[in-house]
1. Please give the charge dipole size of the stretch B:1-99, origin at the Cα centre, charges +1 on K and R Cβ atoms and -1 on D and E Cβ atoms. Round to the nearest 20 debye.
2. How large is the dipole of chain A about the Cα centre if only Lys and Arg carry +1 and Asp and Glu carry -1, each at its Cβ, rounded to the nearest 20 debye?
3. Report the B-A buried area as the accessible area lost on both sides summed, probe 1.4 Å, in Å² to the nearest 100.
4. Just name one of A:VAL68, A:PRO173, A:THR58: the one whose Cα is farthest towards the positive end of the charge dipole of chain A (beta-carbon charges, Lys/Arg +1, Asp/Glu -1).
5. Quick one: if the Förster radius is 41 Å, what FRET efficiency do A:VAL28 and A:ALA174 give, using the C-beta to C-beta distance and rounding to 0.05?
6. Placing the label point 7 Å from Cα along the Cα-to-Cβ direction, what are the distances from A:LEU149 to the equivalent spots in the other copies, shortest first, in nm to one decimal?
7. At 1.4 Å probe radius, can you tell me the per residue accessible area of the stretch B:56-188 in Å²?
8. Starting from a label point 7 Å past Cα on the Cβ side, list the distances from A:ARG189 to the same position in the other copies, nm, shortest first.
2 protein chains.
Amino acid sequence: MDAEARRREIAEAVWRVVRRDGVPGASVRAVAREAGTSMGSLRHWFATQDDLLVFAMTLVQERARARVLAVVSAAGPDTTRGLRALEEVLPLDDERRAETEVWLALTARALVDPRLAALRDGSAEDLLALCALVLREPGALRPGLDPALEAERLYAVLDGLALHAATRPAALPADRAREVLAAHLGSLRDTR
Amino acid sequence: MDAEARRREIAEAVWRVVRRDGVPGASVRAVAREAGTSMGSLRHWFATQDDLLVFAMTLVQERARARVLAVVSAAGPDTTRGLRALEEVLPLDDERRAETEVWLALTARALVDPRLAALRDGSAEDLLALCALVLREPGALRPGLDPALEAERLYAVLDGLALHAATRPAALPADRAREVLAAHLGSLRDTR
DNA sequence: CCGTTTCTAGCACGGGTGTGCTAGCTTCGC
DNA sequence: GCGAAGCTAGCACACCCGTGCTAGAAACGG
């Protein structure tokens, strides 16, 4: 088996454990058990537990990034393209919900883990840039609005919705989150 | 010493530890050391570690709630009162930054801890209600806007800004967060 | 076929964990 | 003064933790 694929398999086991038992439950032993292998084998692929968590978070970000890029780089102009790109980081289905939960757990841990903090900062910059990019689409931003401030505000809406939809899905169902995001973009659009 | 005061003292020790070392660092021993007491004594006030965390989070919420209420219930009409009330839950100074960090850490843990989840849900409802209340002030919401949706959107902006200001203070300084929040409320206001 | 590399399994160590428990100290009410 | 209640200190237990290490299996190149 390809080495990278093996590492990805293990990282996915990390996600499952983190979703079930949180980051504290993601011990080396638990991950090995979840991945159906032994501690020794796992340690061959990841030297330390920290490497494991860092890789798991990297993978979450790469997957989200790939989905966003696929939407953004779709050919042809499309007024809903920005919305659809941003929706890729909302927990609208099970896959994205898992990603958001892992992201939240690791974001909290990043408060005391420098390596995770660096990862988090990188993805935050990416997302802020994405927001700015979406607002640069023709007609997306009504004249008179401050692009930098609106990017920051859109980013806040995006992460706020992701947070609420992930932590309290009953109070903010997927469709509702999408609706609020669409309304936000609509309120910025040039309506002439 | 008053019993409740003693419990509060210990809870504040929990905050200090959580801020320094994260929730994983908040072991019974570490908290006892931080509070300048012994494990046995600490266990007299809190039977289990879970009780400790639950009480610490309850206290965070109560403090924020008290601050918000103080602003909201201030006498006389005031167009900036809503803004100032919402600002009370943003990490704009050290005290509120500490609260936000603890809130974030415990929100993440609430994904796998039912008692903390219940607390989180309660405070989320409070905050959503606060957003709705702020938007009900005369002139706060331009005719034609959907109050429920706007409350949800405002709540997302609020938590998104809190999250970003707490995790990446360099990228989103306190003043900037306040500015974005003010701009959001401004964009909803009746400008006639 | 054999040597080498890659990978797996599992043990052992030192240390930290939450919690149960008891013995002693302090602080009251009377 | 004295008993009782409230409080503190600290030990002990069983458990889980990350990691270092070694022995062996498997895969592969020649």
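1. The dipole of the stretch B:1-99 has a size of about 160 debye.
2. About 280 debye.
3. On the way: alone 10250 and 10240 Å², together 17340 Å².
Its buried surface, counting both partners, is about 3200 Å².
4. About the Cα centre, the residue reaching furthest to the positive side is A:PRO173.
5. Approximately 0.75, to the nearest 0.05.
6. Result for A:LEU149, in nm, nearest copy first: 2.4.
7. I get 39 Å² per residue for this part.
8. 2.7
The values are calculated or read from the model by the stated rules, or taken from the named source; none is laboratory data. Here the structure is a predicted model, which is why all the values come from computation and not from measurement. Positions of Cβ are generated from backbone atoms using ideal geometry, with glycine treated the same way; all protein chains shown enter the neighbour counts. For accessibility, only protein heavy atoms count, side chains too; no ligands or nucleic acids. Shrake-Rupley method; radii C 1.70, N 1.55, O 1.52, S 1.80 Å.
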